[in-house]
Amino acid sequence: MAISVEALCSPLSLRDLTLENRFMMAPMTRSFSPGGVPGDNVAQYYRRRAEGGVGLIVTEGVGIDHPASLGVSSRGTDIPVMHGEAALAGWAHVVA
């Protein structure tokens, strides 16, 4: 029995969002953001996935501006955050 994968390669529209295909990259915490700030290495990582044709990329887990957002054991592990000028500028670079 042959299984068709044709649907995976077809566009998907959800409200105002249209994806080129139905391939999705799941979020992963990678701990590559010293001081919580994603740098050029993070932008290049996501760029390679986008250029590879992934229809939707969900970024890694990030910390918010709350003491419990990363947990005690996560402090100093280079997990990115989504607050502060440097981190927001880093994420703006990743998105661009």
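Of the set (1) at pLDDT 95 or above; (2) in a loop (DSSP other than H, G, I, E, B), all apply to Thr18 but (2). Among the residues of region 11-51, those that are hydroxyl-bearing (Ser, Thr, Tyr) and loosely packed, with under 11 Cβ neighbours inside 10 Å comprise Ser13, Thr18.
Considering only region 48-60, I want to know if a residue exists there that is among the acidic types (Asp, Glu) and within 17 Å of Val81 (Cβ to Cβ). Yes, region 48-60 contains a residue that is among the acidic types (Asp, Glu) and within 17 Å of Val81 (Cβ to Cβ).
Residues that are without any contact (Cβ under 8 Å) to a residue 12 or more places away in the chain, exposed (fewer than 11 other Cβ atoms within 10 Å of the Cβ) and of a type in the set (Gly, Ala, Ser) within region 52-75 comprise Gly52, Ala68, Ser73, listed in sequence order. Please go through region 76-96 and give me each residue that is assigned to a helix (DSSP H, G or I), closer than 10 Å to Pro38 by Cα and under 13 Å from the mean Cα position of the chain (by Cα), ordered by number. Passing the criteria: Gly90, Trp91, Ala92, His93, Val94. Out of the residues in region 31-73 meeting the condition of being closer than 30 Å to Ser13 by Cβ and touching a Gly at 6+ places or on another chain (Cβ under 9 Å), tell me which one is modelled with the lowest pLDDT. The qualifying residue modelled with the lowest pLDDT is Val62. Applying the set (1) of a type outside the set (Phe, Trp, Tyr); (2) out of contact with any strand residue (DSSP E or B) (no Cβ under 6 Å at 6 or more places or on another chain); (3) in a helix (DSSP H, G or I) to Arg49 leaves exactly one unmet item: (2). Looking at region 23-81, which of the residues that are in contact with a Ser or Thr (Cβ under 7 Å, 6 or more places away or on another chain) and among the β-branched types (Val, Ile, Thr) is farthest from His93 (Cα to Cα)? Result: Thr77.
The values are calculated or read from the model by the stated rules, or taken from the named source; none is laboratory data. Only a predicted model underlies this, so the values are computations on that prediction, with no experimental measurement involved. No Cβ is skipped: glycine too gets one built from the backbone with ideal geometry, and neighbour counts run over all protein chains shown.
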